[in-house]
Amino acid sequence: MNRRSFPALPLVSACLLFAGLGHPAMADGSIVTVTMWDKGANAEMSMDRGIGMVHDAMMTGMMDGMMGMKLSADTVPAGEVTFKVTNTSKDQVHEMLVVPWPADGKGLPYNHADARFDEDAAGSLGEVEELDPGKSGELTLNLKPGKYALACNVANHYADGMWTEFVVK
Ligand SMILES: [Cu+2]
């Protein structure tokens, strides 16, 4: 054995140990818990969708709008931000994208044909893709100061109000 290399071995081990153990402690950025909710397709309110019933389109619109995102914090300091996203729905897929807030007076570029916003044109910074009911996902981004939108881009969900403001200071 080359004696000169010997002291390096414990050092390498120590580094590996640190890399392993140190990881959670190194997350000195912000953690934001995102809860995605909806009333579900089985909400108690009648939607008059049974056989032979007169379908109430306005009511359906209201029901579709009963979904959203709840954040543990809507303002965080600039730097590393970890979004811990949980879909609490019983029966709907949801996802969460982070996009820069659109310029004043403009919404996100919207594609009516597929009822989704254009993720590239909106400048999406990252996403926790389609989560099945009850599932969780995580996304870590390095965010500059500014205003952002967190939005779900499952068909119709953004238009139904499944988005929220997020500010980085
Ligand atoms: Cu959604």
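Brief remarks on what is shown
- Cα-based reach from K39 at 12 Å (exclusive), listing aspartates and glutamates while leaving out same-chain residues under 8 positions away: D64, D91
- The lysines within cross-link reach of K144, meaning a Cα-to-Cα straight distance under 27 Å and a gap of 8 or more places when in the same chain, are K70, K84, K106, K169.
- Per-residue packing, averaged as other Cβ atoms within 10 Å, sorts the ranges 111-123, 127-139 into the order 127-139, 111-123, beginning with the highest.
- At R0 = 22 Å, FRET efficiency that the Cβ-Cβ distance of D28 and L125 yields, to 0.05: 0.60
- Rounded accessible area per residue of region 71-131, 1.4 Å, Å²: 53 Å²
The values are calculated or read from the model by the stated rules, or taken from the named source; none is laboratory data. If you're wondering where the values come from, they're calculated on a predicted model, not measured in any experiment. Don't worry about glycine lacking a Cβ; one is built from the backbone with ideal geometry, like all the others, and counts go over all protein chains shown. Heavy atoms of the whole protein, side chains included, go into the accessibility calculation; ligands, DNA and RNA do not. Shrake-Rupley method; radii C 1.70, N 1.55, O 1.52, S 1.80 Å.
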